[in-house]
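In what follows, a structure is listed as structure tokens, so that the remarks can point back to it.
The values are calculated or read from the model by the stated rules, or taken from the named source; none is laboratory data. All figures in this text were calculated on a predicted structure; none of them were measured in a lab. Note that we place each Cβ from the backbone using ideal geometry, even for glycine, and neighbour counts take in every protein chain shown. All accessible areas refer to the heavy atoms of the entire protein, side chains included, with ligands and DNA or RNA removed. Shrake-Rupley method; radii C 1.70, N 1.55, O 1.52, S 1.80 Å.
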Amino acid sequence: MGWRTGATAGWKRIEADEHFYGFGERTGFLDKLSEVKTNWTIDALDYNSLSDEMYQAIAFYIALNPDRAYGIFFNTTFWSQFDIGAEQPGVLRMETRGPELDYYIIYGPEPAQIIATYTQLTGRMPIPPKWALGYHQCRWSYESEDVVRELAKEFRDRAIPCDVIHLDIDYMRGYRVFTWSPKRFPDPAKLIADLKAAGFKVVTIVDPGVKYEPEADYEIFDRGVENDYFVRTAEGKLFHGYVWPDKAVFPDFLRPEVRQWWGELHKTLTDMGIAGIWNDMNEPAIAERPFGDGGEHISFPLNAPQGPESDRATHAQTHNLYGLMMAKACAEGLQKLRSGYRSFVLTRSGFAGVQRYSSVWMGDNQSQWEHLEMSLPMLCNMGLSGVAFVGCDIGGFAGNATAELFARWMQVGMLYPLMRGHSAMSTAQHEPWVFGDRTEKICREYINLRYQLLPYIYTLFWEAATAGTPILRPLLYHFPRDRATYHLYDQVLLGPSLMAAPVYRPGVEHRAVYLPEGTWYDWWTGECYQGPMHILAHAPLERMPLYVRGGGIIAIAPVKQFVSEEPLESLKMRIWPGSGEWTLYEDDGHSFEHEKGVSATTNYKVYVEEEKIIVEIAAREGQFSISEREVIVEVVGVGEQRFTDDGTVRRLTFG
Ligand code: MIG
């Protein structure tokens, strides 16, 4: 190690054949060997595969070689940086602008164990409301009640499932946080109630910048100033910058009383029936001059004091925590305000442990094939960094998707833990039906598939909540001894069994697929392969290649237009020949009763015995009560048996 005024660093040897993953939110492909990764939250607008600083700062990585893996969590909130053999091959440098070198070494030997331990340290996500796993539709902006009603009607008329509609900044009165525009949204309570009756939840955006308005009657500005809740400079002057509401001031979320105040302010939104909050611009993103005036992005002065009086720090020390603490304020506020109901929280910026409070999206991506391609390694590295509930804007945020790009993106989007379509102001519309019948059909089919897979996906969220397990996984997560997976960024596993090999190039109808060791089945045709091998998959526009591991068990629900609060009245267990085991998790999907044991788990096992396939279903455990229901067990390619499931033990023989 070494240090000088203002910086502390440590050096480690990079082993031969060692690869580096995680690092939070990162562009490019999977392995970060020979790159420099800085941990400092910024508005990463216009990012590309060469970008370094991003919206999130998570100083954690996993080093993997064929013998073992270990993790490093660099415990510093200051600006920090990893140089993974860029300056000097074979040498990793970790540096912080803080005064100490404090880090955790987490032994594996497998990535799964490292992430479990890392999330034991930094926290895990609570199980989100089940509706948050459905399809979300967003745009900057659905700018009025009429537009939103029309949007909702299109989904239902066209039978395209959707659970959530997001309202971007134009729902506010002149971009003042915690207000409603009386012109655009004259009766939000009625709108939201009507949408609720049609099975939609509404999520509103909240930005940290509070309009600077000493002369007007803007309650939030007035209270904030009165209580001294906004960030000041070292000289004691109120700090201001420019964002959507023009001149704005910024709450110091590092202080508990500010977080509590901010949390309570969400009442303006929850009183109207809002079920979730989307936190944007919380790096924080601030311009030095009014928006549109070409001003540079700035942050608070690095010496600006932040945090509680008893534990005063500078902005240099707390910058990376701003988004995290805003998300915490939001999550804790919603928990109080929507008593008994789980809420959805989404944030753009965050820090290690952000999963405790919020889901995360990858900010302003672009409607380009490269961004579709990059979305998978980005989300996989987030999952390897303890943040399982993540997504990218389907269709791309900036720019205009083509029909083909949109169709391919919806297929991939079906795999995102957070499945949200979004698009920027002054771009083409990006709803599933705007590209014509063929694309609409593809979108419907893949959103339907998402809804069918919800019992499986919900169980993955439960695993993430209990063990930090990523939901979307790179192949190296399950095959860490297989070198062929170390750079494989364009195939992913959704949970342990389902593997996708999407197409992310225009005009491409075939692609190479790597099948690691074991038996693999084509999801669509049932064709069987013995890995390790490469195959050439046929993937016309209607088809995203999907595979299931032998012994894979996937619970399938009937397609619904939105997530219902009732326990599943029927269920299909699709099981692929081989040996495997899987536990289905169920609860009411919306309350906190599961924290008191009101949930249900059912263990399924499949194995081969004397040339017959045996499926064993253990007795259901837990206090969540499910009425008798029909369960169909399909052993793919072999046969199907149905029975009335009353939660007792079963043993089924096939073949
Ligand atoms: O300055 O609220 O990343 O999702 O639509 C842009 C408008 C502010 C950036 C977010 C984007 C959102 C947009 N916001």
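Solvent exposure of the chain, expressed per residue, is 36 Å² of accessible area, with all protein chains present and a 1.4 angstrom probe. Secondary structure note: in segment 250-366, about 40% of the DSSP beta bridges are antiparallel.
Please work out whether segment 450-598 counts as rounded, prolate or oblate from its C-alpha gyration tensor, where a ≥ b ≥ c are the square roots of the eigenvalues and a/c under 1.5 means rounded, while otherwise a/b larger than b/c means prolate and anything else oblate? Because a/c hits 1.5 or more and a/b exceeds b/c, segment 450-598 counts as prolate.
Restriction of the trypsin sites (Lys or Arg not before Pro) in segment 277-362 to DSSP coil positions whose beta-carbon has at most 15 other beta-carbons within 10 angstrom yields Arg312.
One equal scatterer on each Cα of segment 58-159, no solvent, Debye formula: the resulting log10 I(q)/I(0) at q = 0.11 Å⁻¹ is -0.62.
Remark: C-alpha extents of the chain on the principal axes read 81, 61, 51 Å, sorted largest to smallest. Model label points for Arg438 and Gln623, set 7 angstrom from Cα along the Cα-to-Cβ axis, are 5.6 nm apart. Dividing the radius of gyration of the alpha carbons in segment 315-470 by their Kirkwood radius gives 1.00 for Rg/Rh.
Within segment 374-446, all pairs of alpha-carbon atoms sorted by distance into 10 Å bins from zero give the percentages 21, 49, 25, 5.
Only helical runs count toward this figure. For the chain, summing -39,500 (n - 2.57) over DSSP H runs of n ≥ 4 and dividing by all residues gives -6000 deg cm²/dmol at 222 nm.
Of the beta bridges in the chain, as assigned by DSSP with both residues counted there, near 75 percent are antiparallel. Return a whole-number percent for the relative contact order of segment 472-615, with Cα pairs under 8 Å and 6 or more residues apart as the contact set. It comes to 16 percent, rounded to a whole number.
Remark: segment 544-587 is approximated by an ellipsoid whose semi-axes, taken from the C-alpha gyration tensor as √(5λ), come to 23, 14, 8 Å, largest first. For the residue pairs Lys32/Lys441; Lys130/Lys605; Lys183/Lys211; Lys190/Lys211; Lys190/Lys560, the alpha carbons lie more than 31 Å apart in Lys32/Lys441.
In summary, the helical segments of the chain meeting the span-like criteria, namely a full DSSP H run, a Cα extent along the axis of 20 angstrom or more and a mean Kyte-Doolittle hydropathy of at least 0.0, are 322-337, 369-383. Other residues with beta-carbon under 13 Å from the beta-carbon of Thr583 carry, at +1 per Lys or Arg and -1 per Asp or Glu, a net charge of -3. Normalising by residue count, segment 570-647 has a Cα convex hull of 91 Å³ per residue. Label separation (Ala216 vs Ala159): 4.7 nm, computed from points 7 Å beyond Cα along the C-beta direction. Here, P(r) means the percent of Cα pairs in each 10 Å bin from 0 to the largest distance; for segment 252-324 it is 17, 38, 32, 14, 0. Segment 70-116 gives an Rg/Rh value of 1.03, both radii derived from C-alpha positions and Rh following Kirkwood. Using a probe of 1.4 angstrom, how much of the accessible area of the chain is carbon and sulfur, in percent? Exposed carbon and sulfur together represent 49 percent of the surface. Restricting to Cα pairs below 8 Å that are 6+ residues apart, what does the relative contact order work out to for the chain? Please round to a whole percent. The normalised contact order for the chain reaches 13 percent. Scaling the Cα radius of gyration of segment 183-307 by the globular reference 2.2 N^0.38 Å produces a ratio of 1.19.
What whole-number distance in Å separates the alpha-carbon centres of segment 125-152 and segment 446-488? Centre-to-centre distance over Cα atoms comes out at 24 Å. With 0.36 nm allotted per residue and the present C-alpha distance subtracted, the Asn603-Asp246 stretch has 123.0 nm of extension available.
For the pair segment 377-392 and segment 578-595, the centres of their Cα atoms are 22 angstrom apart. I need the shape label for segment 114-169. Rule: rounded when a/c is under 1.5, else prolate if a/b > b/c, else oblate, with a, b, c from the alpha carbon gyration tensor. The shape class here is prolate. Multiplying each eigenvalue of the alpha-carbon gyration tensor of segment 1-99 by 5 and taking the square root yields semi-axes of 20, 18, 11 Å, largest first, rounded to whole angstroms.
Classify segment 392-513 as rounded, prolate or oblate from the Cα gyration tensor: take a ≥ b ≥ c as the square roots of its eigenvalues, call it rounded if a/c is under 1.5, otherwise prolate when a/b beats b/c and oblate if not. The shape class here is prolate.
Among beta bridges identified by DSSP and lying wholly in segment 364-503, the antiparallel ones come to about 65 percent. For segment 232-359, the Cα gyration tensor yields ellipsoid semi-axes of 25, 18, 13 Å (square root of five times each eigenvalue, largest first, whole Å). Basic side chains Lys and Arg get +1 at the Cβ, acidic Asp and Glu get -1 at the Cβ, and with that the dipole of the chain about its Cα centre reaches some 420 debye. For segment 306-373, the normalised intensity computed at q = 0.15, 0.19, 0.25, 0.27 Å⁻¹ comes to -0.63, -0.84, -1.04, -1.11 (log10 of I(q)/I(0), Debye sum over alpha carbons, equal scatterers, no solvent).
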